[in-house]
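For reference, the structure is listed below as C-alpha cells.
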Ligand SMILES: NC(=O)c1ccc[n+]([C@@H]2O[C@H](COP(=O)([O-])OP(=O)(O)OC[C@H]3O[C@@H](n4cnc5c(N)ncnc54)[C@H](OP(=O)(O)O)[C@@H]3O)[C@@H](O)[C@H]2O)c1
C-alpha cells in the first residue's frame, strides 16, 4: 500500500501530523521518521529508505530551526535546510513521489506592510532564512514539489513562543515582550490538518496537484506582545505583559518586523478553511496542564 513519509517527526509539526494518523478519509498510512530513524543529511540513507518503501508523498518537517544559533552554525543550517532538501528531492524524483516541504516567513525582510504573497521577492535577514530559501529553490526545480511557508509555529510541546510564555508567566509577575514584530501565529495542529487534507485530496484524486509555493498561517494578525497577552489570558495567568521594542532584546539573528502571509492561494486551490489564531490558541491551551 502507498504511504506518506514524514521526516522530522519529533518536531512540533511532525508530532502533530503523527497524531492525525489515518484520521482523514482517503489518507494513505503515515510513516513517521525521527532524525534517528532517517537523518536527511545522509543522501545514501535517504535514497535507501525511499527506494525500499512504497511512498506516495514525502512531507518534510525536518529542519534546522534554531534561528539565533544558525548565525554561528551556518554550515549546519545550510546542510539541513538546503543540501538535505536536495537529497530528498533527488530520491523522490527517482520514484515520482510528491514532496510537501515546509518553509518560513523568515525568507522575507519584513519591509512590506501588506500581507506577503507567494511571488513576492524573498530577501532573508538571517542565516536561517537564507538556508530555508535555498532549500525552497531545490524543491521548485521539481515538478512534484510543493512548498508551504508558515509563520510563528507553536504547539503544546516545549521550545516555542507559546510554551515559553506559559513558563515565564508561571515564574514571573511581569514579562517584557516585543510589540514591533507583527505576524500571524500558526497552531501546528491546524497546519498538520491542512497538509493532510491536501495529501488526502490528491491521493484520492479529488484534487489536482499544484506545485510551487503556498502560504499557510492562522487567520488574523497580531504583534508578539498581543499574542503574549492572549496567552496569559487563555491560561488564566496574572502575569503583566509589558510592550518593548526589539532593540531591548539584542539577539544574534534579525527578524522581519512584518511577516504576515497572504493565504488566498492555498484556500482557493486546496479548499482549506483556516481558523483564527485566537480560536486555535484556546484549542492549544486545552492541551497543556497550566
Ligand atoms: N518554529 C517556527 O516558528 C517556524 C516558523 C515558520 C516555519 N517553520 C518551519 O516549519 C517546519 C517545522 O518546524 P518545527 O517548529 O516543527 O521544527 P522543530 O520543532 O524544530 O522540529 C524540527 C525537527 O527536525 C529534526 N531534524 C533536524 N535535523 C534533522 C536531520 N538531519 N534529519 C532528520 N530530522 C532532522 C529535528 O530532530 P531532533 O528532534 O532530533 O532535533 C526536529 O525533530 C520547519 O521547516 C521550519 O523551518 C517553523
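The values are calculated or read from the model by the stated rules, or taken from the named source; none is laboratory data. None of the values given here were measured: they were computed from a predicted structure. Because the Cβ atoms are built from the backbone with ideal geometry, glycine has one as well, and the counts that use them run over all protein chains shown.
Answer yes if at least one residue in segment 239-255 is under 17 Å from the mean Cα position of the chain (by Cα) and closer than 26 Å to residue 114 by Cα, and no otherwise. Yes, some residue in segment 239-255 is under 17 Å from the mean Cα position of the chain (by Cα) and closer than 26 Å to residue 114 by Cα.
A residue that is surrounded by 20 or more Cβ atoms within 10 Å (Cβ to Cβ) and part of a helix (DSSP H, G or I) cannot be found anywhere in segment 246-263. The numbered conditions (1) more than 14 Å from residue 144 (Cα to Cα); (2) under 20 Å from the mean Cα position of the chain (by Cα); (3) within 12 Å of the ligand (Cβ to nearest atom) are all true for residue 68 except (3).
Residues in segment 89-102 that are within 15 Å of the ligand (Cβ to nearest atom) and either surrounded by fewer than 23 Cβ atoms within 10 Å (Cβ to Cβ) or under 16 Å from residue 133 (Cβ atoms) (or both): 89, 101, 102. If the condition is being within 9 Å of the ligand (Cβ to nearest atom) and farther than 19 Å from residue 195 by Cβ, then segment 47-65 contributes only 64. Take the conditions (1) surrounded by 22 or more Cβ atoms within 10 Å (Cβ to Cβ); (2) more than 10 Å from the ligand (Cβ to nearest atom); (3) not in a helix (DSSP H, G or I); residue 40 misses just one of them, which is (2).
Criterion first (buried (at least 19 other Cβ atoms within 10 Å of the Cβ), touching a helix residue (DSSP H, G or I) at 6+ places or on another chain (Cβ under 8 Å) and either modelled with pLDDT of 95 or more or closer than 15 Å to residue 101 by Cα (or both)) does residue 65 satisfy it? Let's see the steps before the verdict.
On the way: buried (at least 19 other Cβ atoms within 10 Å of the Cβ): yes; touching a helix residue (DSSP H, G or I) at 6+ places or on another chain (Cβ under 8 Å): yes; either modelled with pLDDT of 95 or more or closer than 15 Å to residue 101 by Cα (or both): yes.
In short, yes.
One residue stands out in segment 12-33 among those that are touching a strand residue (DSSP E or B) at 6+ places or on another chain (Cβ under 9 Å) and in a loop (DSSP other than H, G, I, E, B): the one that is nearest to the ligand (Cβ to nearest atom), namely 21. In the condition set (1) touching a residue at least 12 places away in the same chain (Cβ under 8 Å); (2) within 22 Å of residue 287 (Cβ to Cβ), residue 147 is compliant with all but (2).
Name the one entry in 76, 132, 111 that is surrounded by fewer than 22 Cβ atoms within 10 Å (Cβ to Cβ) and near the ligand (Cβ under 10 Å from one of its atoms). Let's see the steps before the verdict.
Details: 132 fails: surrounded by fewer than 22 Cβ atoms within 10 Å (Cβ to Cβ); 111 fails: near the ligand (Cβ under 10 Å from one of its atoms).
Checking each option against the conditions leaves just 76.
Residue 179 - would you say it is touching a residue at least 12 places away in the same chain (Cβ under 8 Å), touching a strand residue (DSSP E or B) at 6+ places or on another chain (Cβ under 8 Å), more than 30 Å from residue 143 (Cβ to Cβ) and surrounded by 15 or more Cβ atoms within 10 Å (Cβ to Cβ)? Taking the combined requirement at face value, the residue satisfies it.
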